[in-house]
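Okay, so here's the structure we're looking at.
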Amino acid sequence: MEAFLSHGPYAEFALLLLISAVAGAVAVRLRQPVLIAYIVVGIVVGPALLGIVNAQEEVALLAEIGVTVLLFVVGLKLDLHHIRHIGPVALATGLGQLAFTIVFGFALIVLMGKSLMEALYVAVALTFSSTIIVVKLLSDKRELDSLHGRIAVGFLIVQDLAVVLAMMAMSALRGAREAGLLEVGGSLLLRLALAAVLMFLLMRFVLPVLVHSMARSQELLLIFAIAWGTGLAALGEWAGFSKEAGAFMAGFSLASTRYREAMNARLTGIRDFMLLFFFIDLGAQLDFSTLGDEVWPAVVLSVFVLIGNPLIVMAIMGYMGYRKRTGFLAGLTVAQISEFSIVFVAMGITLGHVGVEALGLTTLVGLVTIMMSTYMILFSHRLYEKLAPWLGVFERRKPFRELAVERPGRSARHPDVIVFGLGRYGARLMRQLRTAGIDVLGVDFDPETIARLRKLRQPVRYGDGEDPAFLESLPLDDVRWAITTFPQWDANRAFLNALKEAGFRGRIAGVVRDDMHEEALAAAGVARVLNPFNDAADYAARSFAAEIAFEEAHEAEREPADEPAPPACQLPAPPSPTQGD
């Protein structure tokens, strides 16, 4: 092994990728998230255990690029239209969660006997949730564009901006002078104003023309996207913000262009590959030498983060008029601390504010909460099913913010079919059924989808198909078919239970994308299972078979009775491409 690794970083990277592939395969086999496997790989190959990979600088560089690409893609998905809808609740939830965690966390840590400065650093560190991990999990679950996904990304961005402010504020404490704090604050406000003006000018006058020129070549568009993201990330760090903030702004600046979907599609594979190194680097940085005396404080703070942070998010969102399900799913995304938390406390050690014990405590809390919250997010729908009866306290009697878009549109009074989930497949299915003269109603949990379809005069309603109370508000008595296009089995299981509680007596059809989902729906008693890929292939096969039979029949009719044989030296001419049309 040593002889192999002596060939330098290339051999180390080859070994690292091989170990990661094996560990990822084992994780998938055990139905566990691969990112946990990558963190474990980082712990194993890092200095904490085997120490077989010495190219830490190269891995850290690739990890930073992975973070840059990820946050660039996040910014690419958030255009101004989304910000207008999500901004107030994201700001209120983000600031509320920050204030709650700092105040109560600080008091809890002081009660454990820690110094005031150490309590302040650790309490602030507990407020930061991992945007990278949460976005990756929501993206894998296809919930990044859902209502709770957009809200979660919004207040995670508020947290990311708070990271920058916290680091600058704590750095200003080095001089312990009020003038220093005022100087830092004024400088920060000035830079924010200049950045906002620069972004506006670029988005209005420069980027539309530049991106259109780059889009003449798909390869060039990809290179430009990466160059723009990394360039603004480096510029953001130089300007005193952070690489993460710069990368996000780079993506956000391109979110209003018509080419954002093309850039996003081409960056997805690069993002996943580069993030492998981020998770490995995160595992390799965990320092177990300082964790011995911090086990019980870490357990207490981990429980505080895993339970307290989601509760405050649910309380704020319930007060602002969201349903308990939306608040619950969004709240789970803050049930962990971030990699920035460890960086923040490490900065405190550099400044001489805290000792290595604070870093050990934060590291252990990070490991526990990241691992636990990963499973909480992955199985969020199943958790909601179990906890829903006790979550009513987090919902107003009239959740006005969601009721505002839940008003019945131009829907059929007594539909024959209700389609739940109005993505590409569900929306087209609804339109085709209406074209066939069938009364149909569409239901979706995305307010933007509902608004778009209402402009097209489609009969749609906003609502949660997993909520029995909402289903009871639908005209289910005369409905013959309820069709679900939800992509996840957990969501469909909750939907089937909700339909049963609502007293639905019609038949149910489900749209699936894999055999496992099909078997689960069939076992649950769904009357008809639709597989778009299989159905499309079967239709195409029948269409080609009919076309070939038609051509053969016409060729037989047009063939002369006594056709002379072709000359020996001449091959028969091939049939015309248009023959039989």
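The values are calculated or read from the model by the stated rules, or taken from the named source; none is laboratory data. Computed from a predicted model, the values in this text were never measured in an experiment. When we count neighbours, we look across all protein chains shown, and the Cβ atoms used for this are built from the backbone with ideal geometry, even at glycine.
When each of ILE342, ILE377 is tested for being crowded, with 17+ Cβ neighbours inside 10 Å, part of a helix (DSSP H, G or I) and out of contact with any Gly (no Cβ under 9 Å at 6 or more places or on another chain), the lone residue that passes is ILE377.
Assigned by TED's automatic domain parsing to the domain that holds PHE278, part of a helix (DSSP H, G or I), modelled with pLDDT of 90 or more and out of contact with any helix residue (DSSP H, G or I) (no Cβ under 8 Å at 6 or more places or on another chain): is that true of ILE316 in this structure? Can you show your working first?
Values: assigned by TED's automatic domain parsing to the domain that holds PHE278: yes; part of a helix (DSSP H, G or I): yes; modelled with pLDDT of 90 or more: yes; out of contact with any helix residue (DSSP H, G or I) (no Cβ under 8 Å at 6 or more places or on another chain): no.
For ILE316, the condition - assigned by TED's automatic domain parsing to the domain that holds PHE278, part of a helix (DSSP H, G or I), modelled with pLDDT of 90 or more and out of contact with any helix residue (DSSP H, G or I) (no Cβ under 8 Å at 6 or more places or on another chain) - is not met.
For region 455-497, the set of residues classified as among the aliphatic types (A, V, I, L, M) and out of contact with any Phe, Trp or Tyr (no Cβ under 8 Å at 6 or more places or on another chain) consists of LEU456, VAL460, ALA469, LEU474, ALA491, LEU496, listed by residue number. List, please: which pairs have Cβ atoms under 9 Å, are six or more places apart or on different chains, and start with a residue in region 329-355 that is over 18 Å from LEU378 (Cβ atoms) and end with one that is among the charged types (D, E, K, R) and outside any helix (DSSP H, G or I)? Correct list of pairs: LEU351/ARG174; GLY352/ARG174; HIS353/ARG174.
Against the condition part of a helix (DSSP H, G or I), of a type in the set (Gly, Ala, Ser), in the same structural domain as HIS353 (by TED's automatic domain parsing) and modelled with pLDDT of 85 or more, how does GLY113 come out, does it pass? So GLY113 does not fit the description; no.
Evaluating ASP140 against the criteria (1) over 25 Å from the mean Cα position of the chain (by Cα); (2) at pLDDT 75 or above leaves one unmet condition, (1).
Taking the conditions exactly as written (of a type in the set (Val, Ile, Thr), modelled with pLDDT under 85, within 25 Å of LEU35 (Cα to Cα) and more than 24 Å from the chain's Cα centre (by Cα)), does VAL53 satisfy them or not? Yes: the conditions hold for VAL53. If you go through region 116-137 and keep only what is modelled with pLDDT of 80 or more, crowded, with 24+ Cβ neighbours inside 10 Å and not aliphatic (A, V, I, L, M), you end up with TYR121, THR127, PHE128, SER129, SER130. Within region 526-581, track down each residue that is of a type in the set (Lys, Arg) and at pLDDT 85 or above. Answer for region 526-581, where residues must be of a type in the set (Lys, Arg) and at pLDDT 85 or above: ARG528, ARG542. If I filter region 485-495 for residues that are at pLDDT 90 or above, surrounded by fewer than 22 Cβ atoms within 10 Å (Cβ to Cβ) and not assigned by TED's automatic domain parsing to the domain that holds GLU385, do I get at least one hit? Among the residues of region 485-495, not one is at pLDDT 90 or above, surrounded by fewer than 22 Cβ atoms within 10 Å (Cβ to Cβ) and not assigned by TED's automatic domain parsing to the domain that holds GLU385, which makes the answer no.
Conditions (1) outside the structural domain of GLY465 (by TED's automatic domain parsing); (2) aromatic (Phe, Trp, Tyr); (3) touching a strand residue (DSSP E or B) at 6+ places or on another chain (Cβ under 6 Å), marked per residue:
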residue	(1), (2), (3)
ILE342	yes, no, no
GLY355	yes, no, no
SER380	yes, no, no
LEU422	no, no, yes
ASP446	no, no, no
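Please verify whether LEU387 is within 28 Å of the chain's Cα centre (by Cα), closer than 20 Å to ALA498 by Cβ, modelled with pLDDT of 80 or more and surrounded by fewer than 19 Cβ atoms within 10 Å (Cβ to Cβ), treating the condition exactly as stated. Spelling it out, LEU387 is indeed within 28 Å of the chain's Cα centre (by Cα), closer than 20 Å to ALA498 by Cβ, modelled with pLDDT of 80 or more and surrounded by fewer than 19 Cβ atoms within 10 Å (Cβ to Cβ). All of LEU499, LEU476, LEU530 fail the test of being within 20 Å of ARG323 (Cα to Cα) and either of a type in the set (Ser, Thr, Tyr) or buried (at least 16 other Cβ atoms within 10 Å of the Cβ) (or both), apart from LEU499.
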